[in-house]
């Protein structure tokens with residue numbers, strides 16, 4: 001042993017053993033235990049449980065189905081929404097998911113009084129503005145800064161989205177959502193603390209011929225008062241609505257403009273400019289063929305023209 005003094009006999013025995021090749025084996029020392037290091041990514045907080053995140057995703061799936069039907073009817077173009085990702089991030093990283101040119105809606109929650117944010121990419125907002133103002137939307141809209149008129153129309157677009165989003169949150173947690181203001185992307189950076197845990201839900205919006213995204217940012221302090229509704233048995237009472245009747249009920253109150261069309265003809269611009277009072281424009285349709293009822297350019301029924309009192313009317317034919 002280290003520090004011990006060996007006797008002459010012990011030294012002689014050791015030398016003799018060495019000659020015979022019988023040296024004593026070294027004591028086996030235990031392998032030192034490696035320290036266990038766990039990597040922690042502080043950009044990926046875990047304040048929302050996996051169960052809560054899953055149930056929020058199911059609620060947003062329902063929102064995508066109902067909002068798709070409503071926007072397609074009101075914007076008169078095919079629109080499809082799909083939840084493609086949800087992740088827990090810090091507020092700063094979640095806020096950075098949207099480009100600087102995005103338009104953001106600050107959403108208030110009643111009765112709990114918290115706030116969340118819904119941001120939409122500029123191509124989607126501009127396409128919606130053109131459609132709501134009566135444009136055809138056949139050509140891509142050039143990117144531009146929103147004018148005051150654009151901002152007012154964009155507010156109408158976000159109100160359409162929030163009407164459907166509020167409906168699913170009301171059903172799931174008894175929370176009503178309301179639009180507080182429309183802001184630029186940079187103007188909303190300070191809405192929550194930089195490191196505040198935030199659930200970011202990215203929804204792809206496919207609107208011919210483009211695809212854009214909207215992102216719902218839900219800071220945990222805004223979610224905490226309603227967390228119980230998305231946890232355990234309480235959430236099971238608000239299961240995902242898959243019945244088509246639910247979707248139909250959600251869009252049944254949407255107002256649509258119905259056109260009664262006797263006939264139509266395409267004319268070059270020079271012919272339209274040359275039209276004068278008394279000219280006859282032949283529509284190429286027989287009066288006996290009836291009147292077509294169209295919604296968004298799609299024929300939905302055939303009718304016969306007539307009157308009800310002093311008002312013109314159309315009787316829908318079988």
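Restricting the search to strands (runs of 3 or more DSSP E) fully inside segment 262-318 and requiring at least 2 residues that are loosely packed, with under 13 Cβ neighbours inside 10 Å and free of Cβ contacts under 8 Å to residues at least 40 places away in the same chain gives 298-308, 311-316.
When segment 201-214 is filtered for residues that are crowded, with 21+ Cβ neighbours inside 10 Å and under 10 Å from the mean Cα position of the chain (by Cα), the ones remaining, listed by number, are 201, 203, 205, 214. Of everything listed in (1) surrounded by 16 or more Cβ atoms within 10 Å (Cβ to Cβ); (2) free of Cβ contacts under 8 Å to residues at least 60 places away in the same chain, the single unmet condition for residue 134 is (1). Taking segment 152-228 as the region of interest, the strands (runs of 3 or more DSSP E) fully inside it that hold 1 or more residues being within 23 Å of residue 50 (Cα to Cα) and either in contact (Cβ under 8 Å) with a residue 40 or more places away in the chain or outside the structural domain of residue 86 (by TED's automatic domain parsing) (or both) are 197-207, 210-219.
The values are calculated or read from the model by the stated rules, or taken from the named source; none is laboratory data. From a predicted model like this one, the values you see are computed outputs, not experimental measurements. Cβ coordinates were reconstructed from backbone atoms using ideal geometry, including for glycine residues, and neighbour counts include every protein chain displayed.
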